[in-house]
Amino acid sequence: MLAAVNTSAKDKFLQFVDRQGLRLTRQRMVIIDLVFSTREHFSAEQLLAWARVRDASISRATVYRTLPLLTASGLVREMDFGQDCKYYDPNYAEHPHHNHIICKDCQKIFEFESDKINRLEGEISQRMGFVVDSHRLEITGSCEELRRMGICKNKDEHPGQSRRD
Ligand SMILES: [Zn+2]
Ligand SMILES: [Zn+2]
């Protein structure tokens, strides 16, 4: 789940923070390290759970205050997949053209890139006289596990709900 820290994205983020004249607390640095070392889409509550494994003193408020800074940097994108909480996507810095396909049962989110879609986007925008800022394509359906077994074993690993306490 967690790989090595993506130092180029993290460096860009730290430069952004610097330009804002902000200083980061140790707790915020833990959160930022986690965000730039996952390739998964995560909810605020998932990020809080990961962060608390590393530092039990990290509060929900710190996580919720750090997320807007991450999205403002443009390196992390807030995604509304129509589920009961928002997801954060850390892969936009390197893969700005990726798309998502989401299982309707386990709600697992997969990424894919397609040259065909990119070409089509170019053709359409040119024809309409547009310059593309961003695009968003989400496909929902039954993942292979759901199709074969009628149930997803991914489901428990990826609850996708927000919790309150
Ligand atoms: Zn993504
Ligand atoms: Zn599934």
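Summary of values
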quantity	calculated
Listing of helices (runs of 4 or more DSSP H) fully contained in the stretch 55-165 that carry 1 or more residues being not assigned by TED's automatic domain parsing to the domain that holds THR25	115-128, 144-149, 154-157
Whichever residue in the stretch 80-136 is within 16 Å of ligand 2 (Cβ to nearest atom) and in contact with a Phe, Trp or Tyr (Cβ under 9 Å, 6 or more places away or on another chain) and, among such residues, is nearest to PHE42 (Cα to Cα)	TYR87
Failed item, numbered, when LEU48 is tested on (1) outside the structural domain of VAL17 (by TED's automatic domain parsing); (2) away from ligand 1 (no atom under 12 Å from the Cβ); (3) in contact (Cβ under 8 Å) with a residue 12 or more places away in the chain; (4) not small (Gly, Ala, Ser)	(1)
When residues of the stretch 137-146 are limited to those that are of a type outside the set (Asp, Glu) and either within 30 Å of LEU120 (Cα to Cα) or loosely packed, with under 11 Cβ neighbours inside 10 Å (or both), the one farthest from ligand 2 (Cβ to nearest atom)	LEU137
Residues that are more than 10 Å from ligand 1 (Cβ to nearest atom) and either over 24 Å from ASN6 (Cβ atoms) or in contact with a Cys (Cβ under 9 Å, 6 or more places away or on another chain) (or both), drawn from the stretch 103-114	CYS103, LYS104, ASP105, CYS106, GLN107, LYS108
Test: residue in the stretch 85-100 that is aromatic (Phe, Trp, Tyr), modelled with pLDDT of 85 or more and within 22 Å of ASP33 (Cβ to Cβ)	yes
Single unsatisfied condition, ASP84 versus (1) without any contact (Cβ under 8 Å) to a residue 60 or more places away in the chain; (2) over 13 Å from the mean Cα position of the chain (by Cα)	(1)
Answer residue from the stretch 45-71, given it is β-branched (Val, Ile, Thr) and surrounded by fewer than 21 Cβ atoms within 10 Å (Cβ to Cβ) and is farthest from PHE16 (Cα to Cα) among those	VAL53
Any pair with Cβ under 8 angstrom, 6 or more apart, that starts in the stretch 97-113 at a residue that is surrounded by 20 or more Cβ atoms within 10 Å (Cβ to Cβ) and ends at one that is small (Gly, Ala, Ser) and not in a loop (DSSP other than H, G, I, E, B)	ILE102/GLY141; CYS103/GLY141
Those residues of the stretch 1-42 which are assigned to a helix (DSSP H, G or I) and basic (Lys, Arg), in sequence order	LYS10, LYS12, ARG19, ARG26, ARG28
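The values are calculated or read from the model by the stated rules, or taken from the named source; none is laboratory data. This one's a predicted model, so the numbers in the text were calculated from it and none came from an experiment. As a convention, Cβ positions derive from the backbone with ideal geometry for all residues, glycine included, and neighbour counts pool all protein chains shown.
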